[in-house]
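What follows is a single structure, written as structure tokens, with notes after it.
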Amino acid sequence: MIDLRQRLSKDLLDADYEALSPQKKSAIDLIADQRPSGIDPQLSDGRTQWDKLADAVAQVGGSWRFIIGFLAGLFVWISLNAALAGPGLAFDPYPFIFLNLILSMIAALQAPIIMMSQNRQSAKDRAAAEHDYVVNLRAELEIMLLHDKVEDMRDRDIVARSEALARQVLSLQEQVSALSQALEASTGGRPDNGPKED
């Protein structure tokens, strides 16, 4: 089987199989084994519960619902404390120090969680791009193989037609020769000088 892989890599990529990159080896292996590319195993969902939680936080934190809800919560917090400041019942009076502490904690926790989700997504995107490269390379190599096969068929067809034409020409030459001999025999071996003049 390694001979087939070596031959394919030489014919299609003009390089030794062992010198190929892992992506190119994968494409040659798929062609040699004649199996479909399939889904890259790295693209399957192998996330842990914490990864799923980080993705959910990133999805919610990066939505308009979150922004509008967060602004509404700030408005309620500030309005409630401003309204309760008159009777002295405000639980976070102006300058809203407790609100600043909560906002700082949310930002400190939300930013790394979103970054973890983005890092995982970029790794997934890289794996998808690599898989796409292998699939595209395989398709290109398969097209090259098909082109070579069509060219071989065309060459064989041209050779077969040339041989058939050569046989027909030879047959025609034999027929012309036989007719010439028959004509000479009927005229007695004398050349025919055309019609006689009176």
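The values are calculated or read from the model by the stated rules, or taken from the named source; none is laboratory data. Note that the structure is a prediction, hence the values are computed from the model and not measured. In this analysis, Cβ positions are derived from the backbone assuming ideal geometry, glycine residues included, and neighbour counts consider all displayed protein chains.
Counting just the residues of the range 2-22 that are at pLDDT 85 or above and hydrophobic (A, V, I, L, M, F, W, C), which one comes out farthest from LYS149 (Cα to Cα)? Here the answer is ALA19.
Can you find a residue in the range 24-44 that is among the basic types (Lys, Arg), closer than 28 Å to VAL134 by Cβ and loosely packed, with under 11 Cβ neighbours inside 10 Å? There is at least one residue in the range 24-44 that is among the basic types (Lys, Arg), closer than 28 Å to VAL134 by Cβ and loosely packed, with under 11 Cβ neighbours inside 10 Å. When residues in the range 69-90 are screened for being in a loop (DSSP other than H, G, I, E, B) and exposed (fewer than 13 other Cβ atoms within 10 Å of the Cβ), 4 of them pass. I'd like to check something: does the range 39-48 contain any residue that is at pLDDT 85 or above and closer than 26 Å to ALA123 by Cα? Checked the range 39-48: at least one residue is at pLDDT 85 or above and closer than 26 Å to ALA123 by Cα. Of all residues in the range 133-192, those satisfying the criterion of being among the basic types (Lys, Arg), over 30 Å from GLN23 (Cα atoms) and part of a helix (DSSP H, G or I) are ARG154, ARG156, ARG161, ARG167.
Residues in the range 107-155 that are closer than 29 Å to SER9 by Cα, of a type outside the set (A, V, I, L, M, F, W, C) and without any contact (Cβ under 8 Å) to a residue 12 or more places away in the chain: 11 in all.
This table checks each residue for (1) within 30 Å of ASP45 (Cα to Cα); (2) basic (Lys, Arg); (3) touching a helix residue (DSSP H, G or I) at 6+ places or on another chain (Cβ under 6 Å).
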position	(1), (2), (3)
PRO95	no, no, no
ALA108	yes, no, no
ARG126	yes, yes, no
VAL135	yes, no, no
MET153	no, no, no
LEU170	no, no, no
GLN181	no, no, no
ALA185	no, no, no
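Under the condition of being of a type outside the set (Phe, Trp, Tyr), within 17 Å of the chain's Cα centre (by Cα) and surrounded by 13 or more Cβ atoms within 10 Å (Cβ to Cβ), the residues counted in the range 99-135 number 7. Inclusion of SER104 among residues that are in contact (Cβ under 8 Å) with a residue 24 or more places away in the chain, outside any loop (DSSP other than H, G, I, E, B), under 30 Å from THR48 (Cα atoms) and hydroxyl-bearing (Ser, Thr, Tyr) is not warranted.
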